[in-house]
Amino acid sequence: MSVYANVRTSKLKLKGAAPAKPSLSGADKKRKRKQTGPKIDEDAIKHGGWWKVKEFQEITGPIAIEVFPYTFILAKDDGTFTFGAPHNEGEGPSPEEVLTAIRVSDSRIALKSGYGKYLGITSNGKIVGRAEAIGSLEQWEPVFEEGKLALAAANQCFLTCKNEEEVMATSTTAGLDEVITIRSVSERVVKKGDADEEEEDASKTELHYVKKFQCFQDKKIRINPGDVKALDAAKKEGNMYETLLDRREKMKSDRMCK
């Protein structure tokens, strides 16, 4: 590991990110869902059902690393990697382009090729898949920032697409050549969040909200005894969470709202 001691990692900074869109109120979100219906992932359809991961928790199971549009990293039987031929729209990656992602920590993963070997890094930054087990050199860190993704190797350098013949990790900064897309074919886990809370009864919404913040010194939940009709009205007006905050503040029952 002394070979890598002098290499510093750099936080992923990419220019040209789209400006943040204004957020919708609760009522607007509900109205928009009714108008648009279930969202269709056109991008996944164009890639044969392989969808783009957007956060670390989604990187598990069969994945493919897309380096150029419809072009994926391909494993060779000698343990080296190259870039596969571009696919047609509607096609997914070929078997040689499919890897298995395994989480090894809250921020790092290991990648296994179709030949049953783990991807690692050599002293000159070349990516190879020849390890039988996961060691320090076989751990990778996906770095998400502003909707883009780069993959950092154990040498603290990012996987880069500059070399057309070999897959390397030699760049200490993440620019356009280091931006990749990880695609998954696993079943997506739909998270239950605010959208679900907006659909349920106002009293249940308040109970869930209070449980997130309240201190339970005497193991009792304290909910504002006021009429929940105020919450129903606030939900229609799109300011339900502001009203919930006001009701919490009057109770003086948690550390976050005095």
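The values are calculated or read from the model by the stated rules, or taken from the named source; none is laboratory data. These figures come from a predicted structure and were not determined experimentally. Note: ideal-geometry Cβ built from the backbone for every residue, glycine included; neighbour counts use all protein chains shown.
Considering only region 114-172, how many residues are of a type in the set (D, E, K, R) and in contact with a helix residue (DSSP H, G or I) (Cβ under 7 Å, 6 or more places away or on another chain)?
1
Taking Ala202 as the residue in question, decide whether it is over 25 Å from Ala44 (Cα atoms), modelled with pLDDT under 95 and of a type in the set (Gly, Ala, Ser).
yes
Taking Val128 as the residue in question, decide whether it is at pLDDT below 95 and among the aliphatic types (A, V, I, L, M).
For Val128, the condition - at pLDDT below 95 and among the aliphatic types (A, V, I, L, M) - is not met.
Within region 88-120, count every residue that is more than 16 Å from Ser184 (Cβ to Cβ), part of a loop (DSSP other than H, G, I, E, B) and touching a Lys or Arg at 6+ places or on another chain (Cβ under 8 Å).
Qualifying residue count, region 88-120: 3.
Considering Gly129, Gly120, which residue is in contact (Cβ under 8 Å) with a residue 24 or more places away in the chain, assigned by TED's automatic domain parsing to the domain that holds His47 and touching a Gly at 6+ places or on another chain (Cβ under 6 Å)?
Result: Gly129 is the single residue among Gly129, Gly120 that is in contact (Cβ under 8 Å) with a residue 24 or more places away in the chain, assigned by TED's automatic domain parsing to the domain that holds His47 and touching a Gly at 6+ places or on another chain (Cβ under 6 Å).
Quick check on my filter: what residues within region 122-162 are under 15 Å from Ala174 (Cα atoms) and of a type in the set (S, T, N, Q)?
Asn155, Gln156, Thr160
Name the residue, out of Leu151, Leu137, that is modelled with pLDDT of 95 or more, buried (at least 20 other Cβ atoms within 10 Å of the Cβ) and either farther than 21 Å from Lys52 by Cβ or of a type in the set (A, V, I, L, M, F, W, C) (or both).
Only one candidate qualifies: Leu151.
What is the number of the single condition among (1) part of a loop (DSSP other than H, G, I, E, B); (2) modelled with pLDDT under 80; (3) surrounded by 13 or more Cβ atoms within 10 Å (Cβ to Cβ) that Val189 does not meet?
Only one criterion in (1) part of a loop (DSSP other than H, G, I, E, B); (2) modelled with pLDDT under 80; (3) surrounded by 13 or more Cβ atoms within 10 Å (Cβ to Cβ) is unmet by Val189, namely (3).
If a residue has to be under 14 Å from Glu132 (Cα atoms) and in contact with an Asp or Glu (Cβ under 8 Å, 6 or more places away or on another chain) to count, how many in region 68-110 make the cut?
Number of matching residues: 1.
In this structure, does Ser123 turn out to be part of a loop (DSSP other than H, G, I, E, B) and over 25 Å from Glu96 (Cβ atoms)?
yes
Among the residues of region 52-66, is any closer than 22 Å to Ala154 by Cβ, in the same structural domain as Gln156 (by TED's automatic domain parsing), among the basic types (Lys, Arg) and surrounded by 13 or more Cβ atoms within 10 Å (Cβ to Cβ)?
No.
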